[in-house]
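Encoded as structure tokens, the structure appears first; notes follow it.
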Amino acid sequence: VGHSLVRVSALRQAGGFNATLGRDGKSLLSGEEVLLLIQLKSLGWRTWHSSRIQVLHDIEPDRLKRSWARDRSYWEGVSTARISRISGSGNLLLPAFSAAVKTLPLALMLPFAPAHLETDLRTAFNRGLISETLRGLLAGQRG
């Protein structure tokens, strides 16, 4: 699981990775590992961090572009909403409403905001969270 170790028995008890999350070649959806950790915790398994575990990645040049970061931020918002819905970790209406209220001022700031404020990334995340929440509501899923 990313840079974590998981007991096979724990993975089996949790039902493995959720197939509705993760990259499918058409999106930057993610979160299967986050959902698994939420499920393991709810089943009573413990998790901990070790700074001795390291993972090295070759990063594709396209992933160093701001446009890729914006797309990834959008899909992180979508992923966050789906993880919340699947795990039953709370009602999405309040976070989506909060994101909607914040998005208009952020969008108005975009042309003037310095890159280090990451206004474009915050706006993209909020758009993903809002759109996935609305999609779920329209599909009749628990908000």
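Quick check: the angle from helix 66-87's long axis to the longest principal axis of the chain, C-alpha only, nearest 10 degrees? Once rounded, one gets 50 degrees. With the Kirkwood sum run over all distinct C-alpha pairs, the chain has a hydrodynamic radius of 16.9 Å.
On the beta carbon distance between TRP68 and MET109, with R0 = 25 Å, the FRET formula returns roughly 0.70. In this simple spin-label model, placing a label point 7 Å from the Cα along the Cα-to-Cβ direction at both VAL8 and ALA139 gives a separation of 3.3 nm.
Which chymotrypsin sites (Phe, Trp or Tyr not before Pro) from the range 63-128 combine a DSSP loop assignment with at most 10 other Cβ atoms within 10 Å? Intermediate values should be presented prior to the final figure.
Values: sites: TRP68, TYR74, TRP75, PHE97, PHE112, PHE125; in loops: PHE112.
Qualifying residues, ordered by number: PHE112.
When the solvent-accessible area of the chain is split by element, carbon and sulfur atoms take up 58 percent of it, the probe being 1.4 Å.
Taking a straight line from the alpha carbon of LYS65, these lysines sit under 22 Å away, with near neighbours fewer than eight places off in the same chain left out: LYS26. Between LYS102 and ASP24, the FRET efficiency estimated from the beta carbon spacing at R0 = 35 angstrom works out to 0.75. For GLY15, neighbours were defined as the other residues whose beta-carbon sits under 15 Å from its Cβ, and their charges (Lys and Arg +1, Asp and Glu -1) total +1.
Under a 1.4 Å probe, what is the accessible area of the chain per residue, stated in Å²? Walk me through the intermediate numbers first.
Details: 9900 Å² over 143 residues.
For the chain, the per-residue accessible area is 69 Å².
The string of couplings for the range 57-62 from the Karplus curve (6.51, -1.76, 1.60, θ = phi - 60°) is 10, 8, 9, 5, x, 4 Hz, one whole number per residue in order, with x for Gly and Pro.
The protection proxy used here, the mean number of other Cβ atoms lying within 10 Å of each residue, ranks peptides 29-37, 12-20, 130-138, 41-49 as follows, highest first: 29-37, 130-138, 12-20, 41-49.
The values are calculated or read from the model by the stated rules, or taken from the named source; none is laboratory data. Predicted, not measured: the structure shown is a model, and the values here were computed from it. Using ideal geometry, Cβ is built from the backbone for each residue, glycine included, and neighbour counts are taken over all protein chains shown. Calculation scope for accessible area: heavy atoms of the full protein, side chains included, ligands and nucleic acids excluded. Shrake-Rupley method; radii C 1.70, N 1.55, O 1.52, S 1.80 Å.
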